[in-house]
Amino acid sequence: AITGAVDVDPDGDDNEHPDELAASIDGDPGTLWSTEQYGGADLGKAGVGIGWVVAPGPVERLDITTPSVGWTADVYVLENQQALAGFDPEDHTIASTVSPTKTGTTTVDLGGREGEVVLLWITNLGEPDPAEERPFAVEIAEAEIQVRAS
């Protein structure tokens, strides 16, 4: 159901590894999209994210496969891609939340909300990688979205 992906970083440099976006939907769990690396789990801003473009319709579910641990996020179903420009979470309704994650696949029920974009808005980066100078980041191996046919 996913036709594309967009990186979202409105409070930063407007780039969150756009060159890796396809890795989140290529069917290969060995390839990854990742946030930039940050010095703290709280990012120092409201969040960053990845938006997946889908055929408009009732969005039932998001499945996220990740090797990252302990991160949290809010999930939004947005009417269209224009809602990603200058995204401000205060202007939108949260469809669901992702609690501190474990590795593997997390399923998020989106309850049939109507929209064209599913935005994973990462609000906390979870556990650090002590091997890195800026040890906090989230990696997404795969995303799958179920949209009910209208």
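The values are calculated or read from the model by the stated rules, or taken from the named source; none is laboratory data. Bear in mind that the values here come from a model prediction, so they are computed numbers and not experimental data. Note: ideal-geometry Cβ built from the backbone for every residue, glycine included; neighbour counts use all protein chains shown. For accessibility, only protein heavy atoms count, side chains too; no ligands or nucleic acids. Shrake-Rupley method; radii C 1.70, N 1.55, O 1.52, S 1.80 Å.
Structure data summary
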{"item": "Å² of accessible area per residue within the chain, as computed with a 1.4 Å probe and no ligands counted", "result": "47 Å²"}
{"item": "4 °C / 1.567 mPa s Stokes-Einstein diffusion coefficient of the chain, Kirkwood radius on C-alpha pairs, µm²/s", "result": "86 µm²/s"}
{"item": "Choice from Gly115, Gly126, Gly44 showing the highest fluctuation, given a GNM over the chain with Cα pairs closer than 10 Å", "result": "Gly44"}
{"item": "At most 15 other Cβ within 10 Å, DSSP loop - GluC sites (Glu not before Pro), the stretch 58-150", "result": "Glu79, Glu132, Glu133"}
{"item": "Protein accessible area in the stretch 53-150, 1.4 Å probe - carbon and sulfur %", "result": "43 percent"}
{"item": "Sparse-neighbourhood loop sites, trypsin sites (Lys or Arg not before Pro) in the stretch 1-107 - DSSP loop, at most 16 other Cβ within 10 angstrom", "result": "Lys45, Lys102"}
